[in-house]
Amino acid sequence: MKSKKIDNAFVCRCVSDMLNGLSDGLSHFSGLSQVAVIYCIEKNSPMLICDPQNLLQEHGPKIQRMLIDDCFLRSVDGAELEQEKVSRVFSVQDLELTGIIEHGGQSGTVYYQAWFTKQHPDLCSTGPVRRWLEHAVWCFSHDIANGEDMYTGISGAFLRDYSLHAVRDHIVDEMNIHLGWDSQIRVYPLLDAVLAVSNTPEEGAWPVGELVVVDPRLLDKVRFVAKFLWDECPQLKNSKHVRKLLLTVEDSDYKLISDGKSILGISESALPDFVIRADFHGRHGFMKINDTKICSFSEGSFSSSTRCAQLVEVEEALLSFPLPSETKNTLFQIVTRLVHHAQKQRHGCTLVLDLNQYPVLLSGQKLDPPLDLRQTDLLKLSTALTRVDGALHIGADLYLHSFACLLDGRSILAEDRGRGARYNSALRFTAEHKNIIVVVVSSDRPASVIREGVALSSICHWYPESGCVFPSDNLQEWCAKS
């Protein structure tokens with residue numbers, strides 16, 4: 001395609017609209033998300049970067065080495081790009097930046113572009129996020145091709161609401177790899193049905209059990225325990241009926257089997273090499289390909305979260321205390337075991353990690369002697385104590401000193417009226433006591449890690465600036481400053 005003069009202000013507007021939409025969409029899907037882009041419109045024009053949230057700041061030296069010093073793009077055959085149609089986009093090799101998810105491409109209208117976002121630790125799979133960035137590459141190429149006169153800004157809005165499409169695109173890619181291009185499974189209706197079932201209670205209880213979708217060509221490999229008459233099979237889109245049928249496989253090894261349109265029966269045997277699973281766990285659930293999680297779902301939407309506390313904030317907070325490495329390690333493992341048990345059992349709990357030389361005095365059920373949490377049987381007993389109202393008081397000596405403890409303190413500005421008593425009591429208590437880390441586990445949300453009156457997971461080191469037009473910097477000059 002013959003190149004034409006592109007107005008820089010128009011390009012900045014395109015980039016800014018897409019960064020805003022991408023950041024907003026990924027923040028809903030994965031939590032607060034920084035995004036950035038590196039691009040070069042024409043082969044001989046300078047490489048530019050737009051990184052309004054400083055996502056790539058620490059990666060300047062590697063970006064300099066790969067994109068500038070080593071002429072990374074020379075390995076990409078771009079000689080015929082100008083002759084290609086607008087709809088043709090070639091993927092390029094990743095820069096492989098640590099902790100970053102990226103996707104780049106080349107086309108007849110944009111010589112090079114790569115979109116980046118943070119890789120969150122609590123992530124089922126990078127697949128849907130990569131598909132999201134892949135779509136950004138396509139959108140940018142088409143917007144530049146259409147030009148300023150035909151620009152509508154719809155790309156940014158579409159990227160903001162791309163979560164369902166990202167999950168679908170990832171599943172379709174995996175289906176194409178394993179089953180070929182002619183699978184009869186229609187993924188959009190399947191995802192709609194899963195969300196509908198997940199939001200359908202039965203006699204006040206939320207769905208528990210597994211729905212497995214098998215390609216019709218592979219159904220002969222399924223051994224049914226019970227099979228329905230073909231002309232009476234419940235339709236997958238009938239969420240109320242499917243919800244009732246899930247009662248038959250609840251808390252068992254049985255699974256509902258579907259061809260993507262109907263519920264065909266029940267099986268407990270080994271399944272074909274490729275299946276799509278919807279695993280319901282009450283108020284939330286997981287989409288899987290075979291045994292690999294793709295994403296979770298809850299309250300009518302999809303998320304990248306594993307819904308299993310990673311407790312990265314605990315690990316980072318422990319690093320700031322002058323404790324032996326072995327003690328920090330063991331303490332982190334103890335906290336992880338207690339938190340994951342509480343989440344699995346779907347009840348809340350509070351853990352007070354008291355790292356003072358002499359533990360603070362707490363009102364609660366004291367233990368004499370304290371329990372050595374390095375002993376497996378005593379740690380197991382402590383998991384049962386998390387069910388009792390009140391906090392577990394754990395010292396730097398790795399002993400459980402008391403349980404059912406009450407946390408008090410004076411009101412502070414950081415309180416969140418939208419959260420419960422556990423959370424706000426922890427904020428008040430840590431605001432008045434030094435060397436204390438409190439982990440609050442709620443039955444319906446991820447764990448919160450609190451220190452000195454602040455929830456560490458809510459600390460924001462950058463500020464979203466939606467609605468702005470961001471300037472792009474010369475990449476070589478940006479690398480020299482980073």
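Any read-out appearing in this document is the output of simple, stated calculations on the displayed coordinates, not a laboratory observation. What you see is a predicted model, and the numbers here were worked out from it, not measured in a lab. So basically every Cβ, Gly included, is an ideal-geometry build from the backbone, and we count neighbours across all protein chains shown.
Mind sorting LEU19, LEU379, LEU373 by how few other Cβ atoms lie within 10 Å of their own Cβ, fewest first?
Ascending Cβ contact count within 10 Å gives the list LEU379, LEU373, LEU19.
Do the alpha carbons of any pairs in LYS261/LYS344; LYS118/LYS293; LYS227/LYS344; LYS237/LYS293; LYS62/LYS288 sit beyond 25 Å of each other, and which pairs?
LYS261/LYS344; LYS227/LYS344; LYS62/LYS288
As an exercise, identify the chymotrypsin sites (Phe, Trp or Tyr not before Pro) in the range 141-221 lying in DSSP coil whose Cβ has no more than 11 other Cβ atoms within 10 Å.
Qualifying residues, ordered by number: TRP181.
Once Rh is set to the Kirkwood radius over Cα pairs, what Stokes-Einstein translational diffusion coefficient, in µm²/s, holds for the range 247-401 at a temperature of 37 °C and a viscosity of 0.692 mPa s?
176 µm²/s
Measuring from a point 7 Å past the Cα of LYS221 along Cα-to-C-beta, which residues in the range 268-289 have an amide N at less than 16 Å?
The answer is 268-277, 289.
Would you order GLU210, GLU42, GLU58 from fewest to most other beta-carbon atoms within 10 Å of each residue's own beta-carbon?
Least to most surrounded, the residues fall as GLU58, GLU42, GLU210.
Return the whole-Å distance between the Cα centroid of the range 153-225 and the Cα centroid of the range 28-55.
For the range 153-225 versus the range 28-55, the Cα centre distance is 31 Å.
Separation between the PHE10 and LEU367 pseudo-spin-labels, each 7 Å from Cα along Cα→Cβ, expressed in nm?
6.9 nm
Any number yet on Rg/Rh for the range 181-303, C-alpha, Kirkwood?
On the Cα set of the range 181-303, Rg over Rh gives 0.92.
Contact order normalised by length for the chain, with contacts defined as Cα pairs under 8 Å and 6 or more residues apart; what percent is it?
It comes to 15 percent, rounded to a whole number.
In the range 106-120, which residues have a backbone nitrogen under 20 Å from the label point lying 7 Å from GLN93's Cα in the Cα-to-Cβ direction?
So the set is 106-107, 111-116.
Given all pairs of different Cα atoms, what value in angstroms does the Kirkwood hydrodynamic radius of the chain take?
25.5 Å
Which GluC sites (Glu not before Pro) from the range 81-150 combine a DSSP loop assignment with at most 11 other Cβ atoms within 10 Å?
The qualifying sites are GLU96.
For the chain, list the DSSP H helices whose alpha carbon atoms reach 24 Å or more along the long axis and whose average Kyte-Doolittle value is -1.0 or above?
What comes out of the filter, once short or polar helices are dropped, is 8-30, 127-146, 325-344.
Under 14 Å from the Cβ of ARG451, count the other residues' Cβ atoms, weight Lys and Arg +1, Asp and Glu -1, and hand me the total.
In short, -4.
Any chance you could get the radius of gyration and Dmax over the Cα atoms of the range 312-451, in Å?
Answer for the range 312-451, Rg first and Dmax second: 13.8, 41 Å.
Mind checking the range 283-353 for GluC sites (Glu not before Pro) that DSSP puts in a loop (not H, G, I, E or B) and that have at most 13 other Cβ atoms within 10 Å?
Sparse-neighbourhood loop GluC sites (Glu not before Pro): GLU299.
Where does each of ILE177, ILE394, ILE38 land when they are ranked from fewest to most other beta-carbon atoms within 10 angstrom?
Fewest-to-most Cβ neighbours within 10 Å comes out as ILE177, ILE38, ILE394.
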